[in-house]
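See below for the structure under consideration.
We did not get these values from a lab; they are worked out from the coordinates using the rules stated. Just so it is clear, the model here is predicted, and its values are computed rather than measured. Methodologically, a virtual Cβ is constructed for each residue, glycine included, from the backbone with ideal geometry; neighbour enumeration extends over all protein chains shown.
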Amino acid sequence: MPGRGWLKTLLTLPYIIPAFALALAWETLFRSPRIGGLPGMFEVIVGLPPPGWLSYGPVPLIITMVWHYFPFALLLVSGALVTIDAQLEECAEILGASRWAILRRITFPIVTPAFLAAFILTFGKTIGTFALPFFLGNPVRYHTLATMLFQSLKLGLSRLAIS
């Protein structure tokens, strides 16, 4: 694929950017007038306030977390894809296997451990993420595990937060 090196660098860039910077960028783009402050770039450019579900809550959280953690999973899975021996696929093709059969019987079984590792590691990292859910969920009282622990500690409910 032409430009593979640049594409991989471009795709890993969101992982290098801190999560709170992505949250602040999203908030700058889609700031809702209901929360207060200056209008976001969306409202300045389009002339209409962004819908509430696009400003704060689960939708922006999911989009920004996927944008932030996709490169992490990409690096894990692409490392496994690079290590696949091309001779296995060539032999299957010579023997008359279809592309779908090669993908299902050779490629997927080899890459499945990398997919599982990427899922487990990404899930573990997202559970502990605090900045994105705090910036994009707190204004509408949308809480995740990390923000619920923070709120419990902030309210002095340390027994509830620890248990």
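List of remarks:
- Structure-based [θ]222 nm, the chain - -39500 (n - 2.57) summed over DSSP H runs of at least 4, per residue, nearest 500: -21000 deg cm²/dmol
- Pairs of Cα atoms nearer than 8 Å and 6+ residues apart set the relative contact order; for the chain it is 25 percent.
- Alpha-carbon Rg/Rh ratio, for the stretch 39-131, with Rh computed the Kirkwood way: 1.22
- Pairwise label distance in nanometres, Leu145 with Val82, each label 7 Å out on the Cα-Cβ vector: 3.1 nm
- Nearest-ten-degree value, helix 58-82 long axis tilted from longest Cα axis of the chain: 20 degrees
- Label selected from (i) 40, 22, 13; (ii) 41, 14, 11; (iii) 29, 18, 13, the criterion being semi-axes √(5λ) of the Cα gyration tensor in Å as computed here: (i)
- Against the chain, whose longest principal axis comes from its Cα atoms, helix 108-127 is set at around 10 degrees.
- When you filter the trypsin sites (Lys or Arg not before Pro) in the stretch 1-86 for DSSP loop state and at most 12 other Cβ atoms inside 10 Å of their Cβ, you are left with Arg34.
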